[in-house]
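Below is one structure; the comments refer to it alone.
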Amino acid sequence: MNEFNPIYLDHNATTPLDPRVLQAMMPYLLADHGNASSLHRFGQRARQAIDTARQQVAALIGAQPDEVFFVSGGTEADNWALREGVAAAAAQRGTTGAPMHLVTSAIEHAAVLQTVERLRGRGVAVTFVGVDGAGRVDPEAVAAALTPETTLVSVMLANNDVGTLQPVAAIAALARQVGAWVHTDAVQAVGKIECDVRALGVDLLALSAHKLGGPKGVGALFVRRGLRLPSLVEGGGQERGRRGGTENVAGIVGLGQAAELARAEGSERARRTLALRERLELGLLARIPRLTINGREAARLPTTVNLACAGVDGLDLLLNLDLAGIAASTGAACSSGRVAPSHVLRAMGRDAATAAEALRLSLGATNTEAEIDRTIEVLAEAVEGLRAQAQPA
Ligand SMILES: Cc1ncc(COP(=O)(O)O)c(C=O)c1O
């Protein structure tokens, strides 16, 4: 395996498009190219395809189709939920004009953290709840942060850097006691682990197609029936007046198909991926001294291995792996290019130097045992080489 036969271990950044998803999308890029708002047959075919996709996405997350709104991706879904949700929750419970308070965690994706900063600039009080050394939010810490002014609580279902799963159902039950709405960024979770909006008890849930074998640039926000969440994007009344703009019909069809496949194959994929993750972790621990797997003691996504080799910079490892044709990440892909140690690891109590050792390998169901074995070899050699270079002559 070399650069002509590369190994892709960056599925948390994005997943390859499933060929069956592409096949489902193709007619809507070519013959059935109508605008779903048009009254002629081209338009009606597009409209029907969107309706089917809405049912497919709803079925994956245990929602009703009318609770699913298509948007341009996870980032927009998070922005919408937070920007509009914080005031809409106040309005719905009749406290408009009163101070507003939002509770979130220190390990959220930038799509949430940056939006929260914007809201803070507009006068919304914000409490960031920390995590333990394994990257877990403690529901008791959320309970302690809640006040009668809390209108929105936003805690992610699965972390993108370390893969830790968060106790969202317990958090939602607590938030409900003060009448707050609950949003969860489930972008990394949907299609990889069981996600049921009723079991979670959430009001708003963000998901993104390109994390589950679908195309980039399309996602959805689940909005629980009865919530009066105003639109974020104004336009021509699409998505029942809740999200303006001509629908990305092919993308939405792709998301629907990816959701249907995840529903049918999700547990088998998770089983396969978990076995590969175990093989990778055990192999690396056996080969590399002073290796830590961040968050190993917590429940994690089956896809994610975040490791640190003492004294070895994660970026150096990433570059070595890339030379050998293996694609990895040092942290959140959305912020890579900007090399700052992961805020998630910092929140887990790692100092800046230790956080800079992080390397994230994220798996998918199409990876093979041979690829995992090759990765163990390459990584062990790279660590040995980099440690030897670092030795004083
Ligand atoms: C947890 C999480 N939330 C949100 C996003 C943003 O989703 P999108 O790329 O669809 O905008 C990502 C993407 O990396 C993510 O991992």
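Brief remarks on what is shown
- Antiparallel bridges, percent of DSSP beta bridges restricted to the chain (to nearest 5): 50 percent
- Here's how it looks for ILE326: its modeled amide H is under 5 Å from those of ILE7, which are all 5 or more places away or on a different chain.
- In plain terms, the residue of LYS192, LYS216 with the fewest other Cβ atoms within 10 Å comes first and the most crowded comes last, giving LYS216, LYS192.
- Taking HIS33, HIS343 and counting other C-beta atoms within 10 Å, the order from fewest to most: HIS33, HIS343
- Computed lengthening from THR95 to ALA169, 0.36 nm per intervening residue step minus Cα-Cα distance: 24.1 nm
- This ranking places VAL68, VAL178 by how few other beta-carbon atoms lie within 10 Å of each, fewest first, which gives VAL178, VAL68.
- Estimated FRET transfer efficiency (ALA110, ALA352; beta-carbon r; R0 25 Å; 0.05): 0.85
- Considering only LEU379, LEU285, ALA180, the residue lying farthest towards the positive end of the dipole of the chain is ALA180, judged by Cα position with unit charges set on Cβ.
- Normalised by the number of residues in the chain, the mean separation of alpha-carbon contacts (under 8 Å, six or more apart) gives a relative contact order of 23 percent.
- Between LEU315 and ARG198, the FRET efficiency from the beta-carbon distance, with R0 = 51 Å, is close to 0.75.
- 222 nm mean residue ellipticity, helices alone, for the chain (DSSP H n ≥ 4; -39,500 (n - 2.57); rounded to 500): -13500 deg cm²/dmol
- If you take all other residues with their beta carbon under 10 Å from the beta carbon of LEU280, and give Lys and Arg +1 and Asp and Glu -1, the sum is -3.
No lab work stands behind these numbers, since they all come straight from the coordinates. Computed from a predicted model, the values in this text were never measured in an experiment. Counting neighbours? That spans all protein chains shown, and the Cβs are built from the backbone with ideal geometry, glycine included.
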